[in-house]
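The values are calculated or read from the model by the stated rules, or taken from the named source; none is laboratory data. Since the structure is predicted, the reported quantities are computational estimates derived from the model, not experimental observations. Cβ: placed from backbone, ideal geometry, glycine included. Neighbour counts: every protein chain shown. In case anyone asks, the SASA skips ligands and DNA or RNA and just uses the protein heavy atoms, side chains included. Shrake-Rupley method; radii C 1.70, N 1.55, O 1.52, S 1.80 Å.
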Amino acid sequence: MSIAVYPGSFDPVTLGHLDIIERSAKVFDKLVIAVLINSKKKPLFSTDEKVDMIRKCTKHLKNVEVTSFSGLLVDFAKEQNADVSVRGLRAITDFEYELQIAQTNRQLNRDLDTMFFTTSMEYSYVSSTIVKEIASYGGDVSSMVTPHVEECLRKKFAQ
Ligand code: PNS
């Protein structure tokens, strides 16, 4: 059985992430989406909120599981019996950072490979950071996130 993990901050999940999820779920028998619990960052959404948003938008994908993790990705991947880490590449600007993470993980665990999916063109400019920036000013993010995530953003910024 081929198992892959798709780690990330997902603050919040975007249509760009969902594109990567849907395409990679076709390639592996099981895809575990892993939300990083990062005490060093101050996220907009709690880990539970992030997991819940991802679960809602992936419920049509039967081989996808959503969970959270802390610590090293290589340890989490081992726990999950996953031998591939999935990441999305939007543009050349992502490449340096992604290459460093992939090579670090490979150094830490020879059995974990990273597989990159190039983001579909229509989402190549979308990031969680940009989505939060637009939503914080009441802008329209309907082309970047699902209607449910849009509603969660609206509620968060109304608080
Ligand atoms: O969505 P992001 O913030 O770009 O995801 C980064 C992530 C979660 C893939 C990366 O920070 C990570 O795997 N963190 C876990 C800690 C770890 O394993 N660090 C060593 C490799 S950088």
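The figures follow:
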{"read-out": "Inter-site label distance for LYS155 and ASP52 at 7 Å from Cα along Cβ, in nm", "value": "0.6"}
{"read-out": "LEU72 paired with LEU108, simple spin-label distance in nm, labels 7 Å along Cα-to-beta-carbon", "value": "0.6"}
{"read-out": "Cα→Cβ-extended label distance, 7 Å offset, between GLU79 and THR118, nm", "value": "3.5"}
{"read-out": "Of LYS30/LYS132; LYS26/LYS59; LYS40/LYS155; LYS62/LYS132, pairs whose Cα-Cα distance is over 26 Å", "value": "LYS30/LYS132; LYS62/LYS132"}
{"read-out": "Theoretical FRET efficiency, 1/(1+(r/R0)^6), r = Cβ-Cβ of ASP140 and ASN63, R0 30 Å, to 0.05", "value": "0.35"}
{"read-out": "Cα centroid of segment 125-149 to Cα centroid of segment 1-80, whole Å", "value": "19"}
{"read-out": "Rg/Rh (Cα only; Kirkwood hydrodynamic radius) as it applies to the chain", "value": "0.95"}
{"read-out": "Three-way shape call for segment 46-120 based on the alpha-carbon gyration tensor, with the a/c threshold at 1.5", "value": "oblate"}
{"read-out": "Surface share of carbon and sulfur [accessible, 1.4 angstrom probe, percent] for segment 4-104", "value": "52"}
{"read-out": "Whole-number Å³ per residue for the convex hull built on Cα positions in segment 87-159", "value": "118"}
{"read-out": "Protection proxy ranking, peptides 68-78, 94-104, average beta carbon neighbours within 10 Å, highest first", "value": "68-78, 94-104"}
{"read-out": "Ellipticity estimate at 222 nm from DSSP helix runs (n ≥ 4, -39,500 (n - 2.57)) divided over the chain, nearest 500", "value": "-13500 deg cm²/dmol"}
{"read-out": "Principal-axis tilt of helix 147-158 within the chain, Cα atoms, nearest 10 degrees", "value": "60"}
{"read-out": "Residue-wise HN-Hα coupling along segment 8-24, computed from phi with Karplus coefficients 6.51, -1.76, 1.60 (Hz; x: Gly, Pro)", "value": "x, 7, 6, 10, x, 5, 10, 5, x, 4, 4, 4, 5, 4, 4, 6, 6"}
{"read-out": "Degrees, to the nearest 10: 47-57 long Cα axis against longest axis of the chain", "value": "90"}
